[in-house]
1. Go through ASP23, ASP77 for me and flag whichever is in a loop (DSSP other than H, G, I, E, B), among the acidic types (Asp, Glu) and over 22 Å from the mean Cα position of the chain (by Cα).
2. Give the stretch 113-133 a look and list any residue that's open to solvent by 40 Å² or more (accessible area, probe 1.4 Å) and within 29 Å of VAL286 (Cα to Cα), or say none.
3. For residues in the stretch 88-122 being assigned to a loop (DSSP other than H, G, I, E, B), closer than 16 Å to TYR183 by Cβ and hydroxyl-bearing (Ser, Thr, Tyr), which is farthest from the ligand (Cβ to nearest atom)?
4. Report, by residue number, each residue of the stretch 216-230 that is surrounded by fewer than 23 Cβ atoms within 10 Å (Cβ to Cβ) and more than 9 Å from the ligand (Cβ to nearest atom).
5. So, in the stretch 231-256, how many residues would count as being among the β-branched types (Val, Ile, Thr) and either within 16 Å of the ligand (Cβ to nearest atom) or under 18 Å from the mean Cα position of the chain (by Cα) (or both)?
6. Working carefully through the options ILE331, ILE317, ILE325, ILE349, find the one that is open to solvent by less than 40 Å² (accessible area, probe 1.4 Å) and under 20 Å from GLY187 (Cα atoms).
7. So, in the stretch 181-215, exactly how many residues are closer than 15 Å to PHE148 by Cβ, more than 16 Å from the ligand (Cβ to nearest atom) and of a type in the set (A, V, I, L, M, F, W, C)?
Amino acid sequence: MSRFFSEKYSNLEAYTPGEQPKDMQYVKLNTNESPFPPTEKVIMSAMDAARKLQLYCDPECTVLRKTFADTFGIDEDQVLFTNGSDDALNFAFMAFCDESHPAAFPDITYGFYPVFAELNHVPYEEIPLNEDFTINVDDYCGINKTIFIANPNAPTGIALSMEKIKKILESNPDNVVVIDEAYIGFGPGSAIKLINEYDNLLVTQTFSKSWSLAGGRLGMAIGNRELIRDLNTLKYSTNPYNVNTMTQAAGTASLLCRDEFEKNRRTIMVNRLFLIVKLRRMGFTVTDSVANFVFSKHPDISGEELYLKLKERGVLIRHFTKERIKDYNRITVGTIEQVNILLDKIGEILEEAK
Ligand SMILES: *Cc1c(COP(=O)(O)O)cnc(C)c1O
């Protein structure tokens with residue numbers, strides 16, 4: 001820290017992104033990216049858009065917004081595009097949390113929430129998940145806080161039903177409830193269909209996972225137009241050009257070849273089931289994940305040791321040091337080839353550990 005760094009950030013502990021090592025070619029199952037590249041049409045659209053990079057991008061994302069609204073049956077002023085959904089989540093912490101509206105989220109969830117809370121000097125409560133990592137809905141009813149729930153949750157992959165989400169929304173009518181649907185493409189339905197019914201619901205989604213566009217940085221917030229207007233006030237007060245021209249084009253093109261992405265999503269879901277069944281047969285405890293990753297632990301080997309031994313063998317997975325989940329690893333579901341390599345290496349490691 002320099003002697004110039006503002007006192008107000010001196011205790012800030014930044015988020016640690018999953019490692020992206022370049023020392024060798026890893027089977028990369030640590031950051032929940034899609035193993036599939038964007039479609040040819042998406043690539044061509046982005047390349048074509050590069051011809052206009054001397055101009056500022058469209059701050060309103062007009063074409064992208066219209067295409068998204070048409071695709072998901074909402075109005076154009078019910079969605080805001082951002083630089084990845086992390087950008088949208090940060091705006092939500094800025095806009096809807098303060099001393100009288102503290103944030104609340106599970107103790108085991110996306111690691112960025114406490115960072116955003118600290119960054120924005122917002123008080124927050126971490127509500128413990130049940131023993132089995134499910135959410136106890138009663139803990140969130142009538143709490144008078146701005147609630148953040150990843151659905152399905154990360155890193156557990158466990159989903160909350162629409163009925164339970166409704167219960168949380170209804171019991172906190174004067175607070176915003178943010179449902180972070182980063183992994184919605186791999187499981188049950190989206191809460192987007194509730195935005196006309198609940199004016200306190202904000203849904204965030206991303207193109208980073210199921211849409212194969214993590215490097216493009218494209219996320220969005222969806223909710224009633226008043227909420228979206230608030231977020232726009234913050235966007236235009238920080239960086240109106242937060243989604244660049246190439247990314248806007250890539251996002252639009254992606255929405256127009258939805259079928260191809262749908263196929264990829266199905267492949268991931270099939271591979272997930274295969275991986276979960278195999279891991280359970282090898283003695284792992286595995287949560288019922290509906291995301292593009294699995295969350296598992298084995299009685300014979302610590303989470304850290306498995307992570308390190310797989311890394312030595314060229315396979316990257318994610319290990320967390322947080323006490324409650326330190327025995328676990330989060331493993332991204334890749335192609336069937338990647339899944340098979342992973343399972344082979346785990347087999348070798350468990351054999352050695354005996
Ligand atoms: C990956 C992820 C995000 C955001 O990703 P972006 O790349 O910023 O869109 C948000 N929430 C959760 C739970 C995630 O796992």
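The values are calculated or read from the model by the stated rules, or taken from the named source; none is laboratory data. Note that the structure is a prediction, hence the values are computed from the model and not measured. Neighbour counts run over all protein chains shown; Cβ positions are idealised from the backbone, glycine included. Please note that ligands, DNA and RNA were not included when accessible areas were found on the heavy atoms of the full protein model with its side chains. Shrake-Rupley method; radii C 1.70, N 1.55, O 1.52, S 1.80 Å.
1. From the options ASP23, ASP77, the qualifying one is ASP23.
2. Selection gives GLU125, GLU126, PRO128, ASN130, GLU131, ASP132.
3. From the stretch 88-122, those assigned to a loop (DSSP other than H, G, I, E, B) are 97, 99-100, 102, 107-111, 120-122; that's our starting set.
Cutting the leftovers down to closer than 16 Å to TYR183 by Cβ gives us 108-111.
Then keep just the ones that are hydroxyl-bearing (Ser, Thr, Tyr); that gives 109-110.
Values: THR109: 7, TYR110: 4 Å.
Ranking the qualifying residues of the stretch 88-122, first place goes to THR109.
4. ASN224, ARG225, GLU226, ILE228, ARG229, ASP230
5. Narrowing the stretch 231-256 to residues among the β-branched types (Val, Ile, Thr): 233, 238, 243, 245, 247, 252.
Imposing the further condition that a residue be either within 16 Å of the ligand (Cβ to nearest atom) or under 18 Å from the mean Cα position of the chain (by Cα) (or both) reduces the set to 238, 243, 247.
Going through the stretch 231-256 one residue at a time, the tally reaches 3.
6. Answer to the check: ILE331.
7. Total satisfying the criteria: 1.
Residue-by-condition table, conditions (1) touching a helix residue (DSSP H, G or I) at 6+ places or on another chain (Cβ under 7 Å); (2) assigned to a helix (DSSP H, G or I); (3) closer than 21 Å to ALA104 by Cα; (4) at pLDDT below 95:
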site	(1), (2), (3), (4)
ASN175	no, no, yes, no
ALA182	yes, no, yes, no
LYS193	no, yes, no, no
TYR198	yes, no, yes, no
GLN205	yes, no, yes, no
TRP211	yes, no, no, no
GLY215	no, yes, no, no
ALA221	yes, no, yes, no
LEU227	no, yes, yes, no
